[in-house]
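K.L.:
Quick one: the structure is below, questions incoming.
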Amino acid sequence: MWIPACSTGSSSEPMPKAVVVQDAALAPYAAHEGQSRGRRNPEPVAAYRGEYQRDRDRIVHSTAFRRLVYKTQVFVNHEGDLYRTRLTHSLEVAQIARTAARALRLNEGLVEAISLAHDLGHTPFGHAGQDALNDCMRDYGGFEHNLQSLRVVDKLEYRYPDFHGLNLTFETREGILKHCSVRNARELGDVGERFLQRRQPGLEAQLANIADAIAYNNHDVDDGLRAGLLDVEQLREEPMFEEQYAAASARYPGLERRRLIYETIRRMINQVVTDLIDATAGRLRELAPASIEDIRACEQPVVAFSETTHQQHQSLKRFLMKNLYKHEKVRKMTDEARAMLQHLFRSYFGRPIEMPEEFTALALGGDDARRARTVADYIAGMTDRYAIAEYRRLA
Ligand code: MG
């Protein structure tokens, strides 16, 4: 069920002039603010900002966003100051997505809002944290970080007097929810619909999703090399790396190692983003969609690499899975993280009073499922260092 469009408040309030101008410059199949499906709670328009720009601003002001700086991407925050965190990862996703959005005449404001919000639901300690919490929540509907990102913006930010959450537009929420089980989709209403009907989200959502993969594939190569868990010779077996490494080495013979790696990664990002824009533009020319609804009706995503780049990108992803994410040293960290989160879950579930007052009240005010969900929300919001401090307190 859709919630009727109401983003522009009452119909007597015109959109800000800047938004009218922006919409006119977009491709017909982009997300136009004038056609937004709106916010769940109607609000008057802002004088100088468009609706997606307001979404982005609310995301940046949120508590969950500030916590991203102390959350693990692959390496725990205290392992070194130069590794990516969820925050710097999200910024990299946003800049990649904005470049492609501008080239394809899509809505840059929307793609930025989705990119900055996409990891808000991540637990401390990256995927290990999510897997641990999912195990703990097995009897209570499970835990999935992507769904949690939506839960953060829909419910868990308590800042505005008139509603819980950030009251974001439908299009930003649609983009945040990248995947979803059929059971959860049924419960979610409007944003869940496309998973039941096997339809696509708008192009901005598709773009933010693929920009996420481009960002982590490349920065994890950099972080993995910096940590000494990957080596260049091994990476040269990956065609995507080898092609750019060879080109950079030929262009700058004798370049010092660190700069050569930066130059290789810079070229890799440029190559995949260029391929993504060209391949997507070609697909759009063929499909000639007249509106965002034509995009939503497609069976396959429209924003995608060419076949060759897709294969190389997937190959690099598999390489990182095997050699970095499953590396003995990373696994040692993830095993510790799993044990810590499981201990935290058991402690709070057994003694909700160990959580802050508002969480205690929520946990004690319902059945076991509600208690478990409250504990999961509390733990998911933690930074790595806060989870470690709580683990020591409760151990
Ligand atoms: Mg991400």
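K.L.:
Could I have the simple spin-label model distance between LYS17 and GLU187, label points 7 Å from Cα toward Cβ, reported in nm to one decimal?
P.N.:
Each label point is offset 7 Å from its Cα along the Cβ direction, giving 4.8 nm.
K.L.:
Taking all protein chains in place and a 1.4 Å probe, what share, in percent, of the accessible surface of the stretch 330-394 do carbon and sulfur account for? Mind dumping the intermediate values first?
P.N.:
On the way: 1740 of 3340 Å².
Roughly 52 percent, rounded to a whole number.
K.L.:
Cross-link partners among lysines for LYS178, C-alpha distance below 22 Å, same-chain residues fewer than 8 apart left out?
P.N.:
Correct list for LYS178: LYS71, LYS155, LYS317.
K.L.:
If R0 is 35 Å, what FRET efficiency do you get for GLU299 and ASP57 from their C-beta distance, rounded to 0.05?
P.N.:
Numbers: r = 35 Å, r/R0 = 1.00.
For GLU299 and ASP57, the calculated efficiency is 0.50.
K.L.:
Rounded to the nearest 0.05, what FRET efficiency do LEU82 and ASP367 give with R0 = 45 Å and r taken as the Cβ-Cβ distance? Could you check? Walk me through the intermediate numbers first.
P.N.:
Values: r = 46 Å, r/R0 = 1.02.
E(calc), rounded to 0.05, equals 0.45.
K.L.:
Figure the gain on full extension for ASN41 and ARG259 (residue separation times 0.36 nm, minus the Cα-Cα span) and round it to one decimal in nm. Show your work: numbers first, answer last.
P.N.:
Working: separation 218, 0.36 × 218 = 78.48 nm, distance 5.02 nm.
Difference between extended and current length: 73.5 nm.
K.L.:
Between the stretch 84-121 and the stretch 235-251, how far is it from one alpha carbon centroid to the other, in angstrom?
P.N.:
Distance between centres, Cα-based: 27 Å.
K.L.:
Along the stretch 56-62, what does the Karplus equation 6.51 cos²θ - 1.76 cosθ + 1.60 (θ = phi - 60°) give for ³J(HN,Hα), rounded to whole Hz, x for Gly and Pro?
P.N.:
4, 4, 5, 5, 5, 7, 6
K.L.:
Take the chain, mark every one of the chymotrypsin sites (Phe, Trp or Tyr not before Pro) that falls in a DSSP loop and has at most 14 other Cβ within 10 Å, then report the longest stretch left between them, sites excluded.
P.N.:
On the way: sites that count: TRP2, TYR48, TYR158.
In short, 159-395.
K.L.:
Provide the gained length on full extension for the span GLN234 to ALA103, in nm with one decimal, where the gain is 0.36 nm per separating residue minus the Cα-Cα distance. Numbers along the way, then the final one.
P.N.:
Working: separation 131, 0.36 × 131 = 47.16 nm, distance 3.43 nm.
Additional length available on full extension: 43.7 nm.
K.L.:
Roughly what percent of Cα-Cα pairs across the stretch 147-301 reach past 22 Å? Let's see the in-between values first.
P.N.:
Working: 6880 of 11935 pairs.
Of all Cα-Cα distances in the stretch 147-301, 58 percent exceed 22 Å.
K.L.:
Roughly how many Å² is the accessible area per residue of the chain, as a whole number, for a 1.4 Å probe? Spell out each step's value before the answer.
P.N.:
Numbers: 18400 Å² over 395 residues.
Per residue, the chain has 47 Å² of solvent-accessible surface.
K.L.:
Hey, another quick one. GLU358 versus SER306, label points 7 Å from Cα toward the beta carbon: distance in nm?
P.N.:
In this crude spin-label approximation the distance works out to 5.1 nm.
K.L.:
Same structure, new question: Between ARG138 and ARG251, what is the label-to-label distance in nm when each label sits 7 Å out along the Cα-to-Cβ direction?
P.N.:
5.1
K.L.:
Moving to a separate point now. Pull out the extension gain between LEU196 and LYS155, defined as 0.36 nm times the separation in residues minus the alpha carbon to alpha carbon distance; nm, one decimal.
P.N.:
Numbers: separation 41, 0.36 × 41 = 14.76 nm, distance 2.28 nm.
My answer for the length gained is 12.5 nm.
K.L.:
Let's test the formula: R0 of 51 Å, r as the Cβ-Cβ distance of ARG266 and ASP162. What FRET efficiency results, to the nearest 0.05? Write out the running numbers ahead of the final one.
P.N.:
Numbers: r = 45 Å, r/R0 = 0.89.
Efficiency for this residue pair is about 0.65.
The values are calculated or read from the model by the stated rules, or taken from the named source; none is laboratory data. Just so it is clear, the model here is predicted, and its values are computed rather than measured. Methodologically, a virtual Cβ is constructed for each residue, glycine included, from the backbone with ideal geometry; neighbour enumeration extends over all protein chains shown. With ligands, DNA and RNA removed, areas are computed over all heavy atoms of the protein, side chains included. Shrake-Rupley method; radii C 1.70, N 1.55, O 1.52, S 1.80 Å.
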